[in-house]
Amino acid sequence: MGKSKIISFDNRDRFTDLGLTIAAIRKSQGMSQEQLAEKANISRSYLSAIEAPNVIQSFSVEILYNIADALHVKPGDLLNTQFPNIHIPK
């Protein structure tokens, strides 16, 4: 059996957004897919699948960290993480 992973419908848009964010940052830095893939220790075809909006490609947190390091950004910035407004009682 292959290693295909089923991605829940709720996460499909998240993976698409993440791939588009990675592509936008990479392009803004003038970096090719080949260059980013090499720095992140993944294949160019795998990076291409991650970035493609019509392909839903899940990947590990380790790869997320590798891509973030290669782009010189925080991993949370790729996820566009925002903390909710939380009321902390005194």
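The values are calculated or read from the model by the stated rules, or taken from the named source; none is laboratory data. Note that the coordinates shown come from a computational prediction; the quantities given were computed from them, not determined experimentally. Quick reminder, even Gly has a Cβ in these numbers, built from the backbone with ideal geometry, and neighbours come from all protein chains shown.
Listed here are the residues, each with its yes/no results for (1) touching a residue at least 40 places away in the same chain (Cβ under 8 Å); (2) not hydrophobic (A, V, I, L, M, F, W, C).
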residue: R12; (1), (2): yes, yes
residue: T16; (1), (2): yes, yes
residue: N41; (1), (2): no, yes
residue: L47; (1), (2): no, no
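Going by what's in this entry, would E34 be described as more than 23 Å from G76 (Cβ to Cβ) and out of contact with any Cys (no Cβ under 6 Å at 6 or more places or on another chain)?
yes
Give me the helices (runs of 4 or more DSSP H) completely within the stretch 1-69, filtered to those with at least 3 residues that are under 15 Å from N80 (Cβ atoms), ordered by residue number.
Numbers: elements: 9-28, 33-39, 44-51.
Counting at least 3 such residues, we get 9-28.
Say whether the condition of being modelled with pLDDT under 95 and farther than 20 Å from D17 by Cβ is met by at least one residue in the stretch 39-61.
For the stretch 39-61, residues modelled with pLDDT under 95 and farther than 20 Å from D17 by Cβ: absent.
Mind checking whether some residue in the stretch 62-71 is more than 18 Å from E34 (Cα to Cα) and modelled with pLDDT of 95 or more?
yes
Considering the stretch 48-74 alone, what residues qualify as being among the acidic types (D, E) and in contact with a Leu (Cβ under 8 Å, 6 or more places away or on another chain)?
E51
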